[in-house]
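These notes are about the structure you will find just below.
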Amino acid sequence: MIFMSSYMFKKWFAQEYQFFSDLPFLFGLFFLILFFGKAYDLLYNLTFYTIDEISFLVILKIRFIIAVLSITPMYYFSIGMILFFLSLNDRYKKLNNKEFSKRIQLIVLLLIVSIEMIIIILFLDLNTNRIILPSIVIPSFLIIVIVFYIAYKNKRLSQVNPLILAIGFGAYLISQIMRPVFQILFGETSLTVIISEIIDLVIYLIIFLGLIKKIEYK
């Protein structure tokens, strides 16, 4: 994760001009927060069933908050792409105004993240965690997959490979759906955790490949 993050930030700083909306910056941030999330997973897994319920619930809520923060750069990018595609329609010409579009992008981002944070803080417990995480992850990554696929079909984002990114995030979406199923079937054992993390790492490598391998549209 650190290598991927460093590579993307290095690529961002190598640009003539740097903007926080640039893909290298957003993915660098994505991998960096993901690193902290995976590091925190060590604490989560080591304390599972070994501390009192209240303490574990605090750890669980912090982990979910980190998960939301790691998706936030992708939220920002996806919202921006959706607004861009809408701006191509005459009905939404106002979105061609960059200042107005950026304001809408930020408002929608803050609204989504705030709602998810409130749900985690107020409603997450040991019984609902297997429902809340998929309910956050599934719609989020489904939108990300659709955005990258639409970008591929419309021959956009030529500086990356949107098709590979769509496949990578699609695979990540499927893995997040299947993880709770495997936990129910086989239990929260060290083997299931290791297998899940290996699958996730392979998926992250696919996403990283989509970032470094530019697509050539014909």
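Of all residue pairs spaced 6 or more apart or on separate chains, those with beta-carbon atoms under 6 Å, a first member in region 171-197 that is exposed (fewer than 13 other Cβ atoms within 10 Å of the Cβ) and a second member that is assigned to a helix (DSSP H, G or I) and of a type in the set (S, T, Y) are F186/T192. Restricting attention to region 1-31, the residues that are buried (at least 16 other Cβ atoms within 10 Å of the Cβ) and under 20 Å from Q159 (Cβ atoms) add up to 17. Residues of region 137-153 that are exposed (fewer than 14 other Cβ atoms within 10 Å of the Cβ) and over 22 Å from M117 (Cβ atoms): K153 alone.
Looking for something at positive phi and at pLDDT below 95 - is there at least one such residue anywhere in region 33-56?
Going through region 33-56, the residues at positive phi turn out to be 49.
With the extra rule that they be at pLDDT below 95, the set shrinks to 49.
Yes.
The set of residues in region 3-50 being among the aliphatic types (A, V, I, L, M) and closer than 21 Å to Y76 by Cα consists of M4, M8, L23, L26, L29, L32, I33, L34.
Take the residues of region 198-218 that are part of a loop (DSSP other than H, G, I, E, B) and touching a helix residue (DSSP H, G or I) at 6+ places or on another chain (Cβ under 7 Å): which is surrounded by the most Cβ atoms within 10 Å (Cβ to Cβ)? If we take residues in region 198-218 being part of a loop (DSSP other than H, G, I, E, B) and touching a helix residue (DSSP H, G or I) at 6+ places or on another chain (Cβ under 7 Å), then I215 is surrounded by the most Cβ atoms within 10 Å (Cβ to Cβ).
If the Cβ limit is 6 Å and pairs must be 6+ apart or interchain, which residue in region 16-41 that is under 17 Å from I203 (Cβ atoms) pairs with which residue that is not in a helix (DSSP H, G or I)? Between residues of region 16-41 that are under 17 Å from I203 (Cβ atoms) and residues that are not in a helix (DSSP H, G or I), the close pairs are F31/M1; L34/M1; F35/M1.
For F100, which of the numbered conditions (1) of a type in the set (A, V, I, L, M, F, W, C); (2) in contact (Cβ under 8 Å) with a residue 40 or more places away in the chain; (3) farther than 26 Å from E53 by Cβ; (4) part of a helix (DSSP H, G or I) fails to hold? Failed condition: (2).
The values are calculated or read from the model by the stated rules, or taken from the named source; none is laboratory data. Here the structure is a predicted model, which means the values were calculated and not measured. Methodologically, a virtual Cβ is constructed for each residue, glycine included, from the backbone with ideal geometry; neighbour enumeration extends over all protein chains shown.
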